[in-house]
Amino acid sequence: MNLNDPTLLRTDSYINGEWVQAPQNRRFAVTNPATGKVIAEVADLDAAAVTSAIDAAVPAQAAWAARTAKDRAMVMRGWYELVLANAEDLAVILTTEMGKPIAEARGEIAYGATFIDWFAEEARRVCGDVMESPIPDKRFLTFKQPVGVFGAITPWNFPIAMITRKVSPGIAAGCACVLKPAEQTPLSALALAELAHRAGIPAGVINIVTGMDAPAIGSTMCEDDRIRKMTFTGSTEVGRILMRQSAGTLKKMSLELGGNAPLIVFDDADIDTAIAGTMASKYRNAGQTCVCANRIFVQDGIYDEFAKRLVAASDAMKVGDGMEDGVEQGPIIDRQGLDKIERHVADALDKGAELLTGGGRHDLGGTFFQPTVLSGMTPQMQMFGEETFGPVSGLFRFSTDEEVVAMANDTEFGLAAYIFTDSTTRLFRVSEALEYGMVSANTGIFSSEVGPFGGVKSSGLGREGSKYGIDEFLEIKFVCVGL
Ligand code: SIN
């Protein structure tokens, strides 16, 4: 890996401000999904390391919370500036361990950094209330106080942004964290920790535990009553396990779980906007985001033209190693991901879908998959009920607004939905009827530090980013003062 600052490439865990090896220096391999080559051997810590990270986080949190919000904000601001100053190295690390094209990785570093900046500002705007008391000789007020130490478990698909989106509101509020990054992408997390260290975030406030035994690390966090909140991005199945394991210690929970995003194109949509938006949503990160369009519903009158144009745009995509110039789609993260995509395509074809382009592994080999378009999709197919997490556009035909809203809502998930229409009344009507936490109208990309990110139903609990994100790390204390 060619870095301007090679010291950003850390391979030990970061606990209590120190770089920590595993017992007997146990390590696991991190591979580049584009080449299959091992790029680093990272410390393989176990559940005992989580306990020592919590031991460090508890006193560190108390001292950090005792500092003024302005002071915490200034330290965070230093971290933000270091992330920007080292953006190119962070992007190279990210692409090398995760596979997304370098242009997308640069975008993720910029996106990830905005959460540090935003929540550094929000730290200073946390306000309690003074209420109108119903009793003449009593006064009512509230304080907002940090929840304490939180556990965070982050995914491989956004190895930087999902960390900053969780850690920044937490530390802004005066909390400390113990974070486990995905085993596929620990290097980005450790580079972020190195920059946090350089910025002067005190020892114990951010702790990163790397390791392969995710179930043991996760359950240790959930079962320790000194951890007062869990925040997780990943599958609904794992989210349910973490919630169950946290029940014994009744923690606050934020869960960003699976999606099954409908993308609806009405006859009156501007077709250029709809194609650009569909490409942006569907093929972002090779289809490996929780908010990628999973079911593309297209109205009768525009269906054939839309399908033709989507095939042309998909065929024009450059697939390859994310470090190569102009690559727009990198590899799938691993074999398991590739197998699922193949299963969904085979199931759709078995049940009568028509293959318009792609449909299989790419000539590049490894885990590369062809940008794929399927037509004639139906609710009986696996892709209707489960997210594919790959570069496969499945087109469903519909006639009426009522029919498409019913199909879009016919899922246990409710994260993001997209609509393309030129009618303002339809836009409002359909947005209100969609049972989703986020609706993106006439654009395929909506994520930002300013907008609340989160889902309903089996897509999770809580909101990240925005003015609401910091509340997830605060408790409201009611104080009644007798005069
Ligand atoms: C995700 O896929 O979980 C995050 C996507 C985003 O932040 O836009």
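Determine whether the stretch 152-174 contains at least one residue that is of a type in the set (Lys, Arg), touching a residue at least 24 places away in the same chain (Cβ under 8 Å), within 16 Å of the ligand (Cβ to nearest atom) and assigned to a helix (DSSP H, G or I). There is at least one residue in the stretch 152-174 that is of a type in the set (Lys, Arg), touching a residue at least 24 places away in the same chain (Cβ under 8 Å), within 16 Å of the ligand (Cβ to nearest atom) and assigned to a helix (DSSP H, G or I).
Only one of the numbered conditions (1) in contact with a Pro (Cβ under 9 Å, 6 or more places away or on another chain); (2) within 16 Å of the ligand (Cβ to nearest atom) is not met by Gly239, and that is (1).
Restricted to strands (runs of 3 or more DSSP E) entirely inside the stretch 374-443, those with at least 3 residues that are surrounded by 24 or more Cβ atoms within 10 Å (Cβ to Cβ) are 392-398, 416-420. Of all residues assigned to the stretch 471-481, at least one qualifies as being in contact with a Ser or Thr (Cβ under 6 Å, 6 or more places away or on another chain), closer than 30 Å to Ser133 by Cα, among the charged types (D, E, K, R) and in contact (Cβ under 8 Å) with a residue 12 or more places away in the chain. Say whether the condition of being within 25 Å of the chain's Cα centre (by Cα) and either within 14 Å of the ligand (Cβ to nearest atom) or within 22 Å of Asn409 (Cα to Cα) (or both) is met by at least one residue in the stretch 301-312. So far as the stretch 301-312 goes, no, none of its residues is within 25 Å of the chain's Cα centre (by Cα) and either within 14 Å of the ligand (Cβ to nearest atom) or within 22 Å of Asn409 (Cα to Cα) (or both). For Gly352, the conditions (1) assigned to a loop (DSSP other than H, G, I, E, B); (2) over 15 Å from Gly394 (Cα atoms); (3) more than 16 Å from the ligand (Cβ to nearest atom) are fulfilled apart from (2). Here are some residues: Ser281, Ser254, Ser246. Which one is buried (at least 17 other Cβ atoms within 10 Å of the Cβ), within 16 Å of the ligand (Cβ to nearest atom), of a type outside the set (A, V, I, L, M) and over 23 Å from Thr367 (Cα atoms)? None of the other options fit; the residue is Ser254.
Taken together, Val298, Val327, Val345, Val291 contain a single residue that is part of a helix (DSSP H, G or I) and either out of contact with any Cys (no Cβ under 8 Å at 6 or more places or on another chain) or touching a residue at least 24 places away in the same chain (Cβ under 8 Å) (or both), which is Val345. Number of residues in the stretch 337-357 that are touching a strand residue (DSSP E or B) at 6+ places or on another chain (Cβ under 6 Å) and of a type in the set (Gly, Ala, Ser) equals 2.
Each value in this text was obtained by applying a stated rule to the coordinates, not by laboratory testing. This one's a predicted model, so the numbers in the text were calculated from it and none came from an experiment. When we count neighbours, we look across all protein chains shown, and the Cβ atoms used for this are built from the backbone with ideal geometry, even at glycine.
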